[in-house]
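Below is one structure, written out as structure tokens; comments come after it.
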Amino acid sequence: QLQLVESGGGLVQPGGSLRLSCTASTVSLDNYAVGWFRQVPGKEREGISCISSSGVVRTYADSDKDRFTISRDNAKNTVYLQMDRLKPEDTAVYYCAADLYLYSDYSASQCPPAFYEYDNWGQGSQVTVSS
């Protein structure tokens, strides 16, 4: 079974940067679309972006498009979320999720349309943006 582990979260000042990592320890991510999401207590989970199995990027939230960059390194079985010019409103728990496209209705160059389509989730990583 796929296990995902997020790392790289923490406390950062406004305007700073963080890079989150999502690593799979038991199964290759090669055939998985991987997305990043975030959630603030009391609010709905919000999609940030996804990278397909073939490396095509889909942005779920246009408001973060210029500050957040998703990438994948299949050799390291890891997907990254580079976050720049962070704002206090970016404070949240960040989750990565993966979905096997082979058993879905989308292709290797696509991503699931919403968070509920993802079958595998990490435990989350807290990001706090504060001075």
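The values are calculated or read from the model by the stated rules, or taken from the named source; none is laboratory data. Everything quoted here is computed from the prediction, not taken from an experiment. Glycine also receives a Cβ, built like all others from the backbone with ideal geometry; neighbour counts cover every protein chain displayed. Areas reflect the complete protein model, heavy atoms only, side chains present, ligands, DNA and RNA absent. Shrake-Rupley method; radii C 1.70, N 1.55, O 1.52, S 1.80 Å.
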ask   = What are the residues whose amide H is under 5 Å from the amide H of S53, where those residues sit 5 or more places off or on another chain and H is modelled from the backbone?
value = A33, Q110
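Taking N as the number of residues in the range 76-122, what is its Cα Rg relative to 2.2 N^0.38 Å?
With N residues counted in the range 76-122, Rg over 2.2 N^0.38 Å equals 1.41.
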Cleavage-rule hits, trypsin sites (Lys or Arg not before Pro), the range 45-119, DSSP coil, Cβ neighbours within 10 Å at most 16 = R45, K65, R67, R85
message = Give me the extension gain from A75 to L102: residue separation times 0.36 nm, minus the current Cα-Cα distance, reported in nm with one decimal.
response = 7.7 nm
remark   = Taking a probe of 1.4 Å and leaving out DNA, RNA and ligands, the chain shows per residue an accessible area in Å² of 51
query = In the chain, what is the volume of the convex hull around the alpha carbon atoms, normalised per residue and reported in Å³?
reply = 94
query = What does the convex hull of the alpha-carbon atoms of the range 28-91 project to on average, in nm²?
reply = 4.8
